[in-house]
Amino acid sequence: MSDQKSASQTVEEPLDLIRLSLDERIYVKCRGGIELRGKLHAYDQHLNMVLGNVEEVITSVEINEETYEEIVQTQKRKMELLFVRGDAVILVSPPLRTG
């Protein structure tokens, strides 16, 4: 067996990493303290994405006006299918690959 990776498994451009993550669970961090984990069904060059079986976590930080303490709140929800607009995306993390 050859040590060379097949052409479909190589990463030469940033979007290649996204292509290799199709049909796998990914982590997406968005503006507004929104974090998404879901199965990547589709994407385009603008990083618009369609995710399935999505878990959304929204983190908000408020300051108590009397004590100036930070109050961190998280809300979670699950969705069957979600369209993510690319201009909201800050970070995309593919699944961990070993090998």
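The values are calculated or read from the model by the stated rules, or taken from the named source; none is laboratory data. Computed from a prediction, not measured in an experiment: that's the story for all the values here. Heads up, the Cβs are rebuilt from the backbone with ideal geometry, glycines too, and the neighbour counts pull from every protein chain shown. To get the accessible areas, we keep the full protein, side chains included, count just its heavy atoms, and leave off ligands, DNA and RNA. Shrake-Rupley method; radii C 1.70, N 1.55, O 1.52, S 1.80 Å.
Numbers at a glance
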quantity	calculated
Residue, nearest to the chain's Cα centre (by Cα), within region 8-54, restricted to residues that are polar (S, T, N, Q) and open to solvent by 60 Å² or more (accessible area, probe 1.4 Å)	Asn53
Filter result (surrounded by 12 or more Cβ atoms within 10 Å (Cβ to Cβ) and in a strand (DSSP E or B)) within region 61-89	Met79, Leu81, Leu82, Val84, Val89
